[in-house]
Amino acid sequence: MGWFGGVESTKPDPASRKDRQKCWENRDAYFTCLDGAGIVKPGEEGSICAASKTAYEQSCAKSWIDYFNQRRVLAEQQQGILTQKSNQDRASRL
């Protein structure tokens, strides 16, 4: 119990090194599951990665989850653009 009779919060503390590490490990496990299923955008996997998604959402702050999920989609889009540009450059040299 907390100081004033309330129940202690189980929210992750981003300032805690241990909680950050746990968040990153669970994020990596969830994203590895998504990669294995061929899914880019988190949340579109249905029940495929349910266990790892639950652990990820419980161990990370909501703002971090939003950031990581958006960053994953943007990184995939950037990779696609870079691949397309590289293919265009190769084709123009031929």
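State all residues of region 46-94 that are of a type in the set (Asp, Glu) and either surrounded by 15 or more Cβ atoms within 10 Å (Cβ to Cβ) or closer than 16 Å to Trp24 by Cα (or both); if no residue qualifies, say none. Steps first, please.
Of the residues in region 46-94, the ones of a type in the set (Asp, Glu) are 57, 66, 76, 89.
Passing the criteria: Glu57, Asp66.
Residues of region 5-26 that are within 27 Å of Gln77 (Cα to Cα) and either open to solvent by less than 50 Å² (accessible area, probe 1.4 Å) or at pLDDT below 85 (or both): Cys23, Asn26.
Here Gly43 fulfils each of the conditions (1) touching a helix residue (DSSP H, G or I) at 6+ places or on another chain (Cβ under 8 Å); (2) exposed (fewer than 13 other Cβ atoms within 10 Å of the Cβ); (3) without any contact (Cβ under 8 Å) to a residue 24 or more places away in the chain apart from (3). Could you tell me whether region 71-79 includes any residue that is touching a residue at least 40 places away in the same chain (Cβ under 8 Å) and basic (Lys, Arg)? Yes, region 71-79 contains a residue that is touching a residue at least 40 places away in the same chain (Cβ under 8 Å) and basic (Lys, Arg).
Based on what the data block shows, is Ser52 of a type in the set (S, T, N, Q) and part of a loop (DSSP other than H, G, I, E, B)?
Details: of a type in the set (S, T, N, Q): yes; part of a loop (DSSP other than H, G, I, E, B): no.
The answer is no for Ser52.
The values are calculated or read from the model by the stated rules, or taken from the named source; none is laboratory data. Computed from a predicted structure; not experimentally measured. Reconstructed Cβ throughout: ideal geometry from the backbone, glycine too, with neighbour counts over all protein chains shown. Remember, those area values only see protein heavy atoms, side chains included, never the ligands or the DNA or RNA. Shrake-Rupley method; radii C 1.70, N 1.55, O 1.52, S 1.80 Å.
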